[in-house]
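Engineer: Shown below is the structure under consideration.
The values are calculated or read from the model by the stated rules, or taken from the named source; none is laboratory data. Everything quoted here is computed from the prediction, not taken from an experiment. Note that we place each Cβ from the backbone using ideal geometry, even for glycine, and neighbour counts take in every protein chain shown. Note: accessible area is taken over every heavy atom of the protein model, side chains too, but ligands, DNA and RNA are not part of it. Shrake-Rupley method; radii C 1.70, N 1.55, O 1.52, S 1.80 Å.
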Amino acid sequence: MIIGKGAGYARSETYLRQLIHQTNLPFLATPMGKGVVPDTARQSIGAARTLALQKADVVLLLGARLNWMLHFGRSPRFNPDVKVIQVDVNAEEMHNSIRSHVAIQADIVPFAHIFIDEISKKKFRLNENHAWWKELQEKCEKNQQTVKAMSLDKTVPLNYYAVFHHLRQAIPSDCIIVSEGANTMDIGRSM
């Protein structure tokens, strides 16, 4: 699942959190979709974003646009055979950049409500021991260890990761951070 700003604008937090908890599907959030489902959720695979995009066979796009932030949904960043299920309130966004296999023009909240009901009937839940989950979790752990090492490196010149590590220690966990600009934004968002 990729959660975008449309999901945030729709105030779909309750439903998408329930959907992810119930199905155990991995998810990524776009920068403007952050917070709809917390990055601290076990199903968040932001640390394995590249692997997830390159190997996913199906992507459920929830209010996210396949623009430059998501590499327009194209290979080599995306699996060339990926099947996209796109849910967006704006008809103009359907099949933008690549053709969606399923395009649903709807607000995220009623879509999620119906989807949760239907998936409940099928009793679907992605097993923690599934090879795809294990591969994503291993990649997340490896990448998190790399970032941790960089964040603890205090050599001069100080790197972005170390700065963000110390900022994170100094600010409350429930604060809202607004950032803009290249490395500062990208690294801050990823940390």
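Engineer: I'm trying to understand the selection: among the residues of the stretch 61-86, which are open to solvent by 20 Å² or more (accessible area, probe 1.4 Å), touching a Leu at 6+ places or on another chain (Cβ under 9 Å) and touching a residue at least 24 places away in the same chain (Cβ under 8 Å)?
Structural biologist: If the condition is that a residue be open to solvent by 20 Å² or more (accessible area, probe 1.4 Å), touching a Leu at 6+ places or on another chain (Cβ under 9 Å) and touching a residue at least 24 places away in the same chain (Cβ under 8 Å), then 72, 74, 77, 79, 85 are the ones that fit.
Engineer: Hey, residue 55 hits all of (1) basic (Lys, Arg); (2) within 24 Å of residue 175 (Cβ to Cβ); (3) in contact (Cβ under 8 Å) with a residue 24 or more places away in the chain but one; which does it fall short on?
Structural biologist: (2)
Engineer: Scan the stretch 154-180 and report the pairs whose first residue is in contact (Cβ under 8 Å) with a residue 24 or more places away in the chain and whose second residue is open to solvent by 60 Å² or more (accessible area, probe 1.4 Å) and acidic (Asp, Glu), with Cβ atoms within less than 6 Å and a gap of 6+ or a chain change.
Structural biologist: none
Engineer: Can you give me the number of residues within the stretch 90-102 that are surrounded by 15 or more Cβ atoms within 10 Å (Cβ to Cβ) and either modelled with pLDDT under 90 or within 16 Å of residue 3 (Cβ to Cβ) (or both)? Steps first, answer last, please.
Structural biologist: So in the stretch 90-102, the residues surrounded by 15 or more Cβ atoms within 10 Å (Cβ to Cβ) come out as 93, 96-98, 100.
Narrowing the set further to residues that are either modelled with pLDDT under 90 or within 16 Å of residue 3 (Cβ to Cβ) (or both) leaves 93, 96-98.
So the count comes out to 4.
Engineer: Further, regarding this structure: In this structure, does residue 180 turn out to be modelled with pLDDT under 90 and assigned to a helix (DSSP H, G or I)?
Structural biologist: It is false that residue 180 is modelled with pLDDT under 90 and assigned to a helix (DSSP H, G or I).
Engineer: Sort out which residues of the stretch 21-47 are farther than 18 Å from residue 88 by Cα, over 10 Å from the mean Cα position of the chain (by Cα) and part of a helix (DSSP H, G or I), and write them in order of number.
Structural biologist: 21, 22, 23
Engineer: Starting from residues that are touching a strand residue (DSSP E or B) at 6+ places or on another chain (Cβ under 8 Å) and under 23 Å from residue 93 (Cα atoms), keep the ones in the stretch 1-20 and report whichever is surrounded by the most Cβ atoms within 10 Å (Cβ to Cβ).
Structural biologist: Here the answer is 7.
Engineer: Considering (1) of a type in the set (Asp, Glu); (2) open to solvent by less than 80 Å² (accessible area, probe 1.4 Å); (3) within 18 Å of residue 25 (Cβ to Cβ), say which one residue 153 fails and leave the rest.
Structural biologist: (3)
Engineer: I want to confirm something. Restricting to the stretch 118-150 and keeping residues that are touching a residue at least 40 places away in the same chain (Cβ under 8 Å) and outside any helix (DSSP H, G or I), which single residue is least open to solvent (accessible area, probe 1.4 Å)?
Structural biologist: Per the criteria, the residue is 126.
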